[in-house]
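Student: Dropping a structure here in structure tokens format, bear with me for questions.
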Amino acid sequence: MDECKSIRETTDSQAVAHLRRELINGADWPDALMGAIALWTTPEEIYEGTRLVYLIASEAFDWLTLAHRLCAEARDLIPEGELEDFLFTGRFPPRVDESDFKEVLGVDKNSAYLNYFYGVEVEAALQQVVEAEIEKRFYASGRQYATDHTNEAFQRIYNSTRDDLLIAYWDHMNRPYRNITTLTELKEFTYWLFKRRLNVSDKAKIASDTKKGMEALDPAVHIPGVLSF
């Protein structure tokens, strides 16, 4: 185990060194960054006191979290304006050809990104759009007081309330029950819900719900089958 950890640390140090070396040598920063992402191997880490997970459930690649992590190692070498835009929007400059990065990252990381896209981004969008539908009907009936519709939305999607699903999730993880407290935990819970939905819903409902979630996303930001530049 210690030997495997040492190998990962060496590879990840090489990824950071690659990023800085390429930038110092004049490479365009998106090219250098994606090259570093391709070299990275650690699925999660504690970085500056924060737990960061790059490979959720060992199969869903959160490339943007890793990109942010690597950018922190080279802020002094990336144009400030472009870096701020990237960190805020998750989009590279228009000059970037996304197809090049699919080749740089390779089949495995691109496949894992699709798991993340459908299992986290689309799933979260589905939850939001279903809750919005419930709220719309709620207010259309003339009731104006604030109400949390999360449990009703989850009941419609997963055939169970969020509260009960959270209990089941922590039991599945063999951890004591508690509320979700970080963005990382929320992504992990959302991916677990996605996998559950695939198991508890029939094919027609799976397709319908997935389509609903995808339609709720901004197509300029999220493009199925490729990285979201």
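Read-outs throughout are calculated quantities, based only on the coordinates presented, and are distinct from any laboratory measurement. Every value quoted in this text rests on a predicted model; they were computed, and no experiment measured them. Glycine also receives a Cβ, built like all others from the backbone with ideal geometry; neighbour counts cover every protein chain displayed.
Student: Kirkwood Rh over alpha-carbon pairs of segment 59-123, then Stokes-Einstein at 20 °C and 1.002 mPa s: what D in µm² s⁻¹, rounded to an integer?
Tutor: 165 µm²/s
Student: Between Ile180 and Arg75, take the C-beta separation as r, use R0 = 30 Å, and let me know the FRET efficiency to the nearest 0.05.
Tutor: Taking R0 as 30 Å, the efficiency between Ile180 and Arg75 is 0.50.
Student: Moving on to the next point. Mind scanning Lys136/Lys211; Lys109/Lys195; Lys109/Lys187; Lys136/Lys195 and naming the pairs with a C-alpha gap bigger than 26 Å? Present the calculation step by step, with values, prior to reporting the outcome.
Tutor: Details: Lys136/Lys211 20 Å; Lys109/Lys195 19 Å; Lys109/Lys187 18 Å; Lys136/Lys195 28 Å.
Pairs exceeding 26 Å: Lys136/Lys195.
Student: Sticking with this one: May I have the extent of the alpha carbons of the chain along their three principal axes, as whole Å values ordered from largest to smallest?
Tutor: Rounded to whole Å, the extents work out to 63, 43, 34 Å.
Student: Got a sec? How would Glu185, Glu121 order by Cβ neighbour count within 10 Å, fewest to most? Walk me through the numbers on the way to the answer.
Tutor: Details: Glu185 15, Glu121 21.
By the 10 Å Cβ count, ascending, the order reads Glu185, Glu121.
Student: Using a simple spin-label model with points 7 Å from Cα along the Cα→Cβ vector, what separation in nm is obtained for Trp170 and Val104?
Tutor: Spacing of the two 7 Å Cα→Cβ label points: 4.1 nm.
Student: Rounded to the nearest 0.05, what FRET efficiency do Glu48 and Ile24 give with R0 = 25 Å and r taken as the Cβ-Cβ distance? Could you check?
Tutor: With a Förster radius of 25 Å, E is 0.60.
Student: Taking only C-alpha pairs under 8 Å that are 6+ residues apart, what is the relative contact order of segment 114-216 in percent?
Tutor: 43 percent
Student: Also, I was wondering about something else. Simple spin-label model, 7 Å along Cα-to-Cβ: Ile206 to Ser58 in nm?
Tutor: About 2.1 nm separates the two model spin labels.
Student: So for Val53, Val122, Val16, fewest C-beta neighbours within 10 Å to most, what's the order? Please list the in-between numbers first.
Tutor: Values: Val53 20, Val122 24, Val16 17.
Lowest count first: Val16, Val53, Val122.
Student: If you don't mind, there's one more thing I want to ask. Helix 162-172 against the longest principal axis of the chain: what's the angle in degrees, Cα atoms only, rounded to the nearest 10?
Tutor: Tilt relative to the chain: about 50 degrees.
Student: Ranked from highest to lowest mean number of other Cβ atoms within 10 Å per residue, what is the order of the peptides 170-183, 80-93?
Tutor: 80-93, 170-183
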